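Down below is the structure, laid out as structure tokens.
The values are calculated or read from the model by the stated rules, or taken from the named source; none is laboratory data. Fair warning: this is a prediction, and the values are worked out from it, not measured in the lab. Positions of Cβ are backbone-derived with ideal geometry, glycine not excepted, and every protein chain shown enters the neighbour counts. Heavy atoms of the whole protein, side chains included, go into the accessibility calculation; ligands, DNA and RNA do not. Shrake-Rupley method; radii C 1.70, N 1.55, O 1.52, S 1.80 Å.
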Amino acid sequence: MKLRHITMSTLLALGVAFSPLASAGNSAEKIELGTPVVALMPHVKELRADLGLNKEQNALLDQWIANAPAKRKELETEAVALHLELREALLNGESRIKREELKKALAEKTTRIVEMRSLCVRMLRKTLNKEQFEKVVASYRAGQ
């Protein structure tokens, strides 16, 4: 029962996080990550001049923008590599243990990417005042 639960959880995480193209081959360029749970930073950047940010808020945002995207992109690159490795393991008939290890690693990497998006939202809630945050969220929702 536990293995079934782990397998179903892994498959659900993979299905939510990745939407490979129907004609995907072996190249990393053809693997696409799924739509982010939430992506507020593009809206913050777009509205930055209109938000009336103070010096401290601008400094915190500058620091986040300088560091967080590179970390997320690194994780995304690793997730794509795991996706491709799992694909090959499935196509080549690798052992169930190997496939389970790859699925678990991919699910963990995917979870970390989702957590990074969540941390971004938390940082914005702490950095922006209520009105500023609501303006960013309204812009995000209008763009969906």
Cβ-derived FRET efficiency at R0 25 Å, residue 122 paired with residue 101, nearest 0.05: 0.20
Taking the Cβ-Cβ separation of residue 141 and residue 114 as r and a Förster radius of 22 Å, what is the calculated FRET efficiency to the nearest 0.05? 0.70
Can you find, among 95, 120, 84, the residue farthest towards the positive end of the dipole of the range 84-125? Put +1 on the C-beta of Lys and Arg, -1 on that of Asp and Glu. 120
Rounded FRET efficiency, nearest 0.05, which uses the C-beta distance separating residue 78 from residue 49 and R0 of 35 Å: 0.50
Cα centre as origin, Lys/Arg/Asp/Glu Cβ charges: the range 32-91 dipole, Debye: 200
Which of the residue pairs 45/130; 30/104; 30/73 have a Cα-Cα distance greater than 20 Å in the structure shown? 30/104
In nm, the gap between the two label points placed 7 Å beyond Cα toward Cβ at residue 130 and residue 70 is 3.7
How would 117, 96 line up by accessible area, probe 1.4 Å, largest first? 96, 117
